[in-house]
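Scroll down for the structure; my scribbles are underneath it.
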Amino acid sequence: MRRRQFFQAAAAGTVAVLASARSASAQMRNMPGTGIGAMMRRSFTSGSAWPTGYPLRRLDVLANTSAVADEFEGTLVAAPYLASLIFGHTTELWGYNNTFPGPVIDLREGQRAAIDFANRLGLDSTIHWHGLAIPADQDGSPMDPVVPRADRVYTFDVPVGSAGTYWYHPHAHQTTTLQVGHGLAAPLIVRSVDDPLAMLPEVTLMVTSLTLDQNGQVVTGVAVAGGMGGMMMAGAGELLVNGQKLPLHAMTPGATERWRIINATADRYLRIGLDGHRFAVVGTDGGLLGRPLAGLTEWLLAPAQRVEIVVTIATRRSTRYALRDLGYSGGMSGGAGGELMTVETGRTPARAPVELPAVLRPVADLGPASGRQRVVLSGAGMGMMGAFLINGKSFDMNRVDLETVVGRVELWDLVNATFMDHPIHIHGTQFQVVARTVGGLAAPVSYPAWLDTVNVPAGETITIKTRQMLPGKRMFHCHILPHEDAGMMAVLDVRPA
Ligand code: C2O
Ligand code: CU
Ligand code: CU
């Protein structure tokens, strides 16, 4: 393929759609053969094979096919397809509607959503609506697999008060790393009618990691999950923003923008920083903070977390600044970091800065807790060579690990007894961090925020205040996906009040 054609294809994202899911099932059959030895001998495609510096792509948005007001209806087909990502090879990705990443689902609070899902992969899948408090039977948990060639409809009401940045991804038993690692993940944005930042131009930056072998084919940690998977694969892949390696984002000098950043990587901690700039954090997983946290130079975004930041770019014309992952040690979970995106100011005159409102949206306290639960994260064997456990057990979807009651406010102590960080995620709700213990001493938590995923640093304890408002069985787990697949997941049974 000539270079120019290559870029046209790369810009379109897709070369051809595979006629069948044969290739996906072949990959499944081949899994045992790609064991740890093969993995260690394998060489990965180096960064130089990736085209860089192309204008940042705006992600496709899923069309609303409903004619009814206050309803959203859309179709997602998960299937393998071929994409041009690197020089010299086409790559088999698995995508929703043949997009990587995407498409974005853009919803409004109070809307009724009905999403038709067609599984055209060669293995069981689901769609999990990460972070949304929706009924347990619509949550796409591993208890409700959609088998190959089957369809199902997910329906839910978008909760009022949930405006924020979410994402959706497969959550099938023990194959989440494999599926997300092949490209199945996309943003989901919920909007409110009274967004105090609606005046700002906004950009969604979905960060994913992709590891390609020397033939340009996707490698994921799944073949070695339960072994050294989580540790070995960390840091192996390329960090991509909206599916692109080092895209270029053009801004008017002095312009202020709202960036929704999603860490959709399988296992990478991102310590976000923008060269020469401070920024304000205005939102976390569950939406806006009470007030902006201004003047920050970095923000740690654990796997699965989201952050909304407001950036005012410098007034200097024709200048480049790097958006970076500053690197993180994270016990043994971290990575070396690297450049994510280039921001370039234009030649047009600088804009007057935009003042942020002092108050965004109240983040209410959940009130006094009437229960306390303990969640201990541990590893068998040498800590990362064997299983990843919660309260001494490996995941079993037929077992109930913790019980609660609808509406009961609880404190959960998340105790990390391992030598690496684990981002812990609870389905069906947003919670608040109320305390952290560092080296046995309590450390203050300075501001309230809604989270569905919290990083529990190696050897530390994080206490959260949480409440479930809908009955049913919910997962909670480490969102380093190879850890989840290897058993660091448990079941919370929420009983009716
Ligand atoms: Cu984003 Cu249970 O997952
Ligand atoms: Cu989730
Ligand atoms: Cu983990």
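Taking the options LEU389, LEU377, LEU356, LEU340, name whichever one is away from ligand 2 (no atom under 16 Å from the Cβ), over 23 Å from the mean Cα position of the chain (by Cα) and crowded, with 16+ Cβ neighbours inside 10 Å. Don't jump to the end; show me each part of the working.
Details: LEU389 fails: over 23 Å from the mean Cα position of the chain (by Cα); LEU377 fails: over 23 Å from the mean Cα position of the chain (by Cα); LEU340 fails: over 23 Å from the mean Cα position of the chain (by Cα).
When all the criteria are applied, what remains is LEU356.
Pick out, from segment 119-196, the strands (runs of 3 or more DSSP E) lying fully within it that include 2 or more residues that are within 15 Å of ligand 1 (Cβ to nearest atom) and either open to solvent by 10 Å² or more (accessible area, probe 1.4 Å) or at pLDDT 95 or above (or both). Walk me through how you get there before you give the answer.
Working: elements: 128-130, 151-157, 164-169, 186-191.
Output list reads 128-130, 164-169, 186-191.
Mind listing whichever residues of segment 467-483 are touching a Phe, Trp or Tyr at 6+ places or on another chain (Cβ under 8 Å) and either closer than 18 Å to ASN416 by Cα or of a type in the set (A, V, I, L, M) (or both)?
Step one: of segment 467-483, the residues touching a Phe, Trp or Tyr at 6+ places or on another chain (Cβ under 8 Å) are 467, 477-478, 483.
Of everything in segment 467-483, those that are touching a Phe, Trp or Tyr at 6+ places or on another chain (Cβ under 8 Å) and either closer than 18 Å to ASN416 by Cα or of a type in the set (A, V, I, L, M) (or both) turn out to be HIS477, CYS478, HIS483.
Could you please tell me which pairs satisfy a Cβ distance under 8 Å, a separation of 6+ or placement on different chains, a first residue in segment 288-312 that is closer than 27 Å to HIS422 by Cβ and polar (S, T, N, Q), and a second residue that is outside any strand (DSSP E or B) and open to solvent by less than 10 Å² (accessible area, probe 1.4 Å)?
Taking only residues 6 or more apart or on different chains, the pairs are GLN305/ASP285.
Got a number for residues in segment 293-306 being more than 16 Å from ligand 3 (Cβ to nearest atom) and buried (at least 23 other Cβ atoms within 10 Å of the Cβ)?
Taking segment 293-306 as the starting set, the residues that turn out to be more than 16 Å from ligand 3 (Cβ to nearest atom) are 293-299, 306.
Going one step further and asking which of them are buried (at least 23 other Cβ atoms within 10 Å of the Cβ), we end up with 306.
The total comes to 1.
For the list (1) under 30 Å from HIS182 (Cα atoms); (2) within 16 Å of ligand 2 (Cβ to nearest atom), I need the number of the one condition that GLN468 fails.
(1)
Tell me, which strands (runs of 3 or more DSSP E) wholly within segment 433-497 include 3 or more residues that are away from ligand 1 (no atom under 16 Å from the Cβ) and open to solvent by less than 30 Å² (accessible area, probe 1.4 Å)? Working first, answer last.
On the way: elements: 441-443, 453-456, 461-466, 472-478, 489-495.
Qualifying strands (runs of 3 or more DSSP E): 461-466.
So, THR404, is that one open to solvent by less than 20 Å² (accessible area, probe 1.4 Å), more than 22 Å from the chain's Cα centre (by Cα) and closer than 23 Å to HIS171 by Cβ or not? Lay out the reasoning, then the answer.
Details: open to solvent by less than 20 Å² (accessible area, probe 1.4 Å): yes; more than 22 Å from the chain's Cα centre (by Cα): yes; closer than 23 Å to HIS171 by Cβ: yes.
Criteria met by THR404.
With respect to ASP365, is the statement that it is open to solvent by 60 Å² or more (accessible area, probe 1.4 Å) and of a type in the set (Asp, Glu) true?
yes
Quick test of your reading of the structure: TYR96 fulfils all but one of (1) within 26 Å of GLY286 (Cβ to Cβ); (2) open to solvent by 50 Å² or more (accessible area, probe 1.4 Å). Name the failing condition by number.
TYR96 satisfies all of (1) within 26 Å of GLY286 (Cβ to Cβ); (2) open to solvent by 50 Å² or more (accessible area, probe 1.4 Å) except (2).
Quick grid of which residues meet (1) at pLDDT 95 or above; (2) of a type in the set (Val, Ile, Thr); (3) surrounded by fewer than 23 Cβ atoms within 10 Å (Cβ to Cβ); (4) touching a His at 6+ places or on another chain (Cβ under 9 Å):
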{"position": "GLY221", "(1), (2), (3), (4)": "no, no, no, no"}
{"position": "MET231", "(1), (2), (3), (4)": "no, no, yes, no"}
{"position": "ALA234", "(1), (2), (3), (4)": "no, no, no, no"}
{"position": "ALA250", "(1), (2), (3), (4)": "yes, no, yes, no"}
{"position": "THR256", "(1), (2), (3), (4)": "yes, yes, yes, no"}
{"position": "ARG260", "(1), (2), (3), (4)": "yes, no, yes, no"}
{"position": "ASP267", "(1), (2), (3), (4)": "no, no, no, yes"}
{"position": "VAL281", "(1), (2), (3), (4)": "yes, yes, yes, no"}
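Could you please give the count of residues in segment 22-69 that are open to solvent by 60 Å² or more (accessible area, probe 1.4 Å), modelled with pLDDT of 50 or more and assigned to a helix (DSSP H, G or I)?
The number of residues fulfilling the criteria is 1.
Just name the residue that is farthest from HIS128 (Cα to Cα) out of those in segment 151-169 that are within 14 Å of ligand 2 (Cβ to nearest atom) and in contact with a helix residue (DSSP H, G or I) (Cβ under 9 Å, 6 or more places away or on another chain).
Initially, segment 151-169 is screened for residues within 14 Å of ligand 2 (Cβ to nearest atom), giving 154, 156, 162, 164-169.
Going one step further and asking which of them are in contact with a helix residue (DSSP H, G or I) (Cβ under 9 Å, 6 or more places away or on another chain), we end up with 154, 156, 169.
Values: TYR154: 10, PHE156: 12, HIS169: 5 Å.
Among those that are within 14 Å of ligand 2 (Cβ to nearest atom) and in contact with a helix residue (DSSP H, G or I) (Cβ under 9 Å, 6 or more places away or on another chain), it is PHE156.
The values are calculated or read from the model by the stated rules, or taken from the named source; none is laboratory data. Only a predicted model underlies this, so the values are computations on that prediction, with no experimental measurement involved. Using ideal geometry, Cβ is built from the backbone for each residue, glycine included, and neighbour counts are taken over all protein chains shown. Heads up: the accessible areas ignore ligands, DNA and RNA and are worked out on the full protein's heavy atoms, side chains in. Shrake-Rupley method; radii C 1.70, N 1.55, O 1.52, S 1.80 Å.
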